[in-house]
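Read through the structure below, which is laid out as structure tokens, and then see the notes.
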Amino acid sequence: MDSGVPRWSGRRVAGPAGRVGGRLRRWAARLPRLVPRVRPVDGPRARVPGELVEVVPEAGGGTVRFARSVLRVRVAVGGAVFVGWDGVGPAPSAAVSADRPPVDARVALEPDTGGGWRVVSERVTVVVTRFGVVELRTPGGRLLRRDLPPRWWEPVDGGGGHWAQRSEVAADARYFGLGGRAVGLRLPDGEYPVPGEVGGGRLDAGSGTGASADAVAGTVLLTVADVGTHLLFLDTGRSGVVRLREGRTG
């Protein structure tokens, strides 16, 4: 009895689509197999902090341990923020005198969303994400500065290495500082030297590619934007380069 409902058998229908699919499979079988080539690492290996594994809250901040690095955060009463990687402490430093500003004992690292942690003080909020991004925000939550996780290059056979870190600010931000230049106070895009042995008070003379006149390198960078203004002091014992690039709104 025929009920009018089509019945499907287990046979394969040899139609145009089936013939094309069969030809494609035969052609694919003739192609040479691509084997990825693994090149040996003969240069310095890059290291990043990795994932967060432990947090030790302290008065004014605390210590954040990642898989391959350690971060220390310290917020002072006046809103100054210290950020140090791999065991670097707030003292001794050329940025402050012997009488360091007291820490804000009212705040400490506390859990944040996404597995991160934060320090919420009266004048600034510091956010540390699960993979080592450090954000400085206004009390209202607007972003002042975002420091991406630093990267270290360490030679395979030992010896000295180098590190790099990329920071992001508001698109309308403008830069000042890093030594005086004849082109004006505002720094154009370019590279600017960072002197070493800052703790000893030495300043190296040099000129950045964004300036056409001789300059005296400095380690203070002033960033001005509509969201707010913040001052960065880079306290390092090694000489290096700061590369600046202005953004665009949108």
Worksheet item: Which of the residues that make up the range 63-79 are farther than 11 Å from L52 by Cα and not in a strand (DSSP E or B)?
Response: V77, G78, G79
Worksheet item: Out of G132, G141, which single residue is more than 23 Å from L244 (Cβ to Cβ), outside any strand (DSSP E or B), assigned by the TED database to the domain that holds E54 and out of contact with any helix residue (DSSP H, G or I) (no Cβ under 8 Å at 6 or more places or on another chain)?
Response: G141
Discussion item. I'd like to verify a number: residues in the range 219-236 that are part of a loop (DSSP other than H, G, I, E, B) and open to solvent by 60 Å² or more (accessible area, probe 1.4 Å), how many?
Written reply: 2
Discussion item. Suppose we filter P101, P36, P92 for residues that are at pLDDT below 75 and closer than 20 Å to L234 by Cα; which single one remains?
Written reply: P92
Response to the item:
All-but-one check, F82 against (1) closer than 20 Å to G50 by Cβ; (2) of a type in the set (F, W, Y); (3) without any contact (Cβ under 8 Å) to a residue 24 or more places away in the chain, failing number (1)
Worksheet, complete the sentence: Going through the range 110-164 in order, the residues found to be within 12 Å of the chain's Cα centre (by Cα) and charged (D, E, K, R) are E135, R145, R146, D147, R151
Discussion item. I'm trying to understand the selection: among the residues of the range 237-250, which are closer than 23 Å to G87 by Cα and outside any loop (DSSP other than H, G, I, E, B)?
Written reply: G240, V241, V242
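The values are calculated or read from the model by the stated rules, or taken from the named source; none is laboratory data. From a predicted model like this one, the values you see are computed outputs, not experimental measurements. Neighbour counts run over all protein chains shown; Cβ positions are idealised from the backbone, glycine included. Quick note on the areas: whole protein, heavy atoms, side chains included, nothing else; ligands and nucleic acids left out. Shrake-Rupley method; radii C 1.70, N 1.55, O 1.52, S 1.80 Å.
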